[in-house]
Amino acid sequence: MTDRHEYDDDLFDTEGNSEGADASDEERVFAALAPVQGRGFAQSWWGQTWLKALEDTALDLQQLKAGRRLARAGSVGAVSVRPGRVTAVVGDRGGAVHRADVLLQQLSEEEWDRFLGMAVERAGHIAALLDREMPPHLVEDAAAAGVELLPGIGDLEPRCGCDAWDHCAHTAALCYQLARLLDQDPFVLLLMRGRGERVLLDELQVRSVASASAGSADEEADEEPVDANGVDATETFAAGSILPPLPAAPPVPSEAGPVPSLDTDTDTEPPTGTDVAALEFLAARAAAEAHRMLTDALTAGHELRAPTDELTVHQDAVRLAAGAPEAWIGARLAEGSGRDGEGLAAAVPAWDHGGTAGLSVLEDEWTPDAETAARARTAVEAAWDAGERPPLSASRNRWTAADTGTQIRLGRDGRWWPFRENRGRWLPAGPAAHDPAAALSAAVGDE
């Protein structure tokens, strides 16, 4: 693979700085991370894409397993991130230590020019990065501009002191550790692609100012004043600059407010067929949902998310039941949604853990296609060290460890959901995980 990217080891001097860049923004060093057990290395979608590039490239599955063991054991030392390269000293089980490097091709000046031009036009992308998020639209818009930010198959070049020609346990461990760093800060990836955070933001600031100045000049050249009730349009527009700014949005309350009681203690009876207690419950749930939606709408990056589908009656009944109604209201919700009481009781934790996705995994059994099934088997086989995986029997999208009364289910989005058996019924046991071992651990209850 070395002919794919032309890397030069001599670009880096003994101090870890590359030629042609500001040393203060050229390298970031992260202290060694603590050992971690029972969880996946990447929680973010971009961190998972990084690991997919590793796992799709590596030829030896056993080396990946060994790398995960080293990363989980805390055998990866301080991680140095520089343009085109990430480096760490990794110890193995025999006590030897090796310098491991993973190389990633930097973007060209032309590619950075296209990326920066795109980013200036879409300020929301940069705001998301500053919140340490990498929205999918940013990557998609960059790709549309001819810039690939995330690595793909063959893009992660391994080099290790153990002289392995492919990814070894040491470079794999470094990649798994870097996925945890990418989760915390996607600017780490941009630094590997050639721009540190400060340099990148400075360049964006310069372009933003230039773009705003050019836009103002064009507007002034094209603007033709019009008469508005005898007031010159140019003067009216100029007066806007002396108006006070809009007030800041008020803070979001910590919780939804109380719902007024509909029991007025008067002689007036409610209309026939009106259930006052049920109306009060619905009003309380509506207030709670409005509070959730407002909080979500004010979250950074909300405008970049795709709108969600409207809930069906079947789903909305579970949402309402999650509000812990009185037993008689719960019975009506169960009847209206086509479930019995136990079915509704099982659906509520599924909703709490994953909303509509959690309900789907609880109630829908599906057969993965051949490619999806193969990826699922590989994920399960790779999630445990040799001899540690419990006996699992697979049926369609469900993998059961009968001796422990636990089960993991594969969702259509590739995540694994933990379930626990209770009196012959499989019940949700926690939120989804990308690592099947972490999901099964949640089902067992060891976390």
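The values are calculated or read from the model by the stated rules, or taken from the named source; none is laboratory data. Only a predicted model underlies this, so the values are computations on that prediction, with no experimental measurement involved. Don't worry about glycine lacking a Cβ; one is built from the backbone with ideal geometry, like all the others, and counts go over all protein chains shown. With ligands, DNA and RNA removed, areas are computed over all heavy atoms of the protein, side chains included. Shrake-Rupley method; radii C 1.70, N 1.55, O 1.52, S 1.80 Å.
Which order do you get for Arg99, Arg85 if you rank them by accessible area with a 1.4 Å probe, largest at the top? Could the numbers behind the result be given before it?
Numbers: Arg99 120, Arg85 10 Å².
My answer, sorted largest first, is Arg99, Arg85.
Sorting Thr308, Thr274, Thr57 by solvent-accessible area of protein heavy atoms yields Thr308, Thr274, Thr57, largest first, with a 1.4 Å probe.
On a full-extension model of 0.36 nm per residue, what is the gain between Ala327 and Glu365, subtracting their alpha-carbon distance, rounded to one decimal in nm?
Details: separation 38, 0.36 × 38 = 13.68 nm, distance 2.93 nm.
Answer, rounded to one decimal: 10.8 nm.
If you sort Ser393, Ser75 by accessible surface, 1.4 Å probe, largest first, the order is Ser393, Ser75.
In the assembled protein chains, Glu111 presents an accessible area of approximately 50 Å² (probe radius 1.4 Å). Based on alpha carbons, the Rg and Dmax found for the stretch 47-197 are 15.9, 53 Å.
Can you tell me which of 288-295, 42-49 comes out highest on packing, and rank the rest after it, using the mean Cβ neighbours within 10 Å? Mind showing how you got there, number by number?
On the way: 288-295: 13.1, 42-49: 18.9.
Listed from highest to lowest mean packing, they are 42-49, 288-295.
Of the three principal axes defined by the Cα atoms of the stretch 304-407, the extents in descending order read 51, 40, 23 Å.
Oblate is the label for the stretch 159-201, because a/c, from the alpha-carbon gyration tensor with a ≥ b ≥ c as root eigenvalues, is 1.5 or above and a/b does not exceed b/c. Taking a probe of 1.4 angstrom, what is the accessible area of Cys168 in Å², to the nearest 10? Estimated to the nearest 10 Å², Cys168 gives 10 Å².
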